[in-house]
Amino acid sequence: MELSESVLKGLQALGDPVNFDMNKFTTLSELAFRGLLSSESEAVLDHPDLKQIDPIVLKHCHIALTTFILESVKQNADKSTVSSCLEDVRFDTERADALCTLYQVKYGYLKLIFQLCSLKQNKTDLENLLSSIDKCPPHITDVSWRLEYCMKNAHVHKVNQPSYLISFSVENGDNGRSSEEELNFSCTMEQLQDLVGKMKDAAKSIEKAMQL
Amino acid sequence: MLLVLSDEHKEHLGFLTEVDTAVVGEFGRIAVEFLRKGSNPKIYEGAARKLDVPAETVQHGVEGLMYLLTESSKLMISEMDFQDSVLVLGFSQELNERLLQLYLENRKEIRQILSELSPSLPHYHNLEWRLDVQLASRALRHQVKPTVTMKLHLESGGIRNARVLQTDPATLLHLIQELERGLAELKSNHCRRILRNIK
């Protein structure tokens, strides 16, 4: 795992018992994870437990820790990689374990957030942090349909044709903003059969690919 | 259902009784052509010169035929009703036969042309799809995320456009299931009864 010098220094400062005793360290770790996962960002600098620490050091450590968490998740780092990395910056063992446990517990959730963040960027903290994340085409989330029987219109009478109105719910996950829209179109029975047939082909090929 | 022809319309068509049946046939051909491609006033003038009548009379004659054809096609009136409707024009039996022929031969196409005028949503044209597995992105490595990318081609008023959309396998199965329910509904007793009774 490659980390910048600033992050390494921040982690070193975090591991220094002069700056952080075990309680303060746990508080900051929890705040860092919460800051990433929750939309209500808690001000680290104003936290009562962390008041005594020099704000510049605290800020540096917080940034370093957050970057470290994101980088670990991004690289899919396992416990031993994280541990060895933390030992490299001279963490004592007790602390490294505390961070690792937290990391393991929140790991799955955080990773999920990563995968979802291009879709569900309602988490304002993540928006700012992960604004450069994965862009993908609009995502279909649902479909609704309506069956109609057209009898006549101003120009032609006795049309007597059934037709479907299809409405795809589409989610746009552009950076920082997520918007829903409806994509409406009509089709005849034959056209709908064609559409469903092609979707089934796609589903079948997924099934085949899964068996490989 | 009989067509109700206005006096003005009858008067315009009255011109057809004064000319040769071959000319009526030609007018019929022109009327259908104009319905397909839009009218062309030059043709009126040319025909008027040949027949030695005002261009307006020719125009009225052709337009009268066009109106007769569109109205009868719109209402999809039967052979019998068409014959009864044109009876009031006092044409010869031969002319009536010709008009009926003209109507029956072109009804389908005229209805097709007319149906293009009706308001419609963009409608389905084609769907292309591709199966992708996302392996990594800038923010996250080591992923295995299957996605189905689809290009949906829609057509509206003769203009085609395509949208690129994406979905995940689980949603795709849900979409298929939901749309199949829609298709099945058409075969339900309720729909079949209505389709049978509205004819």
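The values are calculated or read from the model by the stated rules, or taken from the named source; none is laboratory data. Fair warning: this is a prediction, and the values are worked out from it, not measured in the lab. Backbone-built Cβ (ideal geometry, glycine too); neighbour counts: all protein chains shown.
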When both residues are 6+ apart or on different chains and their Cβ atoms are under 7 Å apart, which pairs have a first residue that lies in the range B:148-172 and is in the same structural domain as residue B:126 (by TED's automatic domain parsing), and a second that is in a strand (DSSP E or B) and among the small types (Gly, Ala, Ser)? B:151/B:162; B:152/B:162; B:153/B:162
Test set (1) of a type outside the set (Phe, Trp, Tyr); (2) modelled with pLDDT of 85 or more; (3) crowded, with 16+ Cβ neighbours inside 10 Å - residue B:128 fails condition number: (3)
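Residue by residue, here is whether (1) more than 7 Å from chain B (Cβ to nearest Cβ); (2) out of contact with any helix residue (DSSP H, G or I) (no Cβ under 9 Å at 6 or more places or on another chain); (3) on the phi > 0 side of the Ramachandran plot; (4) outside any helix (DSSP H, G or I) holds:
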residue	(1), (2), (3), (4)
A:137	no, yes, no, yes
A:142	yes, no, no, yes
A:153	no, no, no, yes
A:163	yes, no, no, yes
A:167	yes, yes, no, yes
A:191	no, yes, no, no
A:199	no, no, no, no
A:204	yes, yes, no, no
A:210	yes, no, no, no
Subset of the range B:134-172 (residues that are modelled with pLDDT of 85 or more, within 8 Å of chain A (Cβ to nearest Cβ) and loosely packed, with under 15 Cβ neighbours inside 10 Å): B:164
Do the conditions hold for residue A:50, that is, is it within 22 Å of residue A:88 (Cα to Cα) and either touching a helix residue (DSSP H, G or I) at 6+ places or on another chain (Cβ under 8 Å) or touching a residue at least 24 places away in the same chain (Cβ under 8 Å) (or both)? no
Would you confirm, using the coordinates I've provided, whether residue B:10 is surrounded by fewer than 19 Cβ atoms within 10 Å (Cβ to Cβ), in a helix (DSSP H, G or I) and in contact (Cβ under 8 Å) with a residue 24 or more places away in the chain? yes
Looking only at the range A:33-61, count how many residues are in a helix (DSSP H, G or I), hydrophobic (A, V, I, L, M, F, W, C), modelled with pLDDT of 80 or more and surrounded by 14 or more Cβ atoms within 10 Å (Cβ to Cβ). 4
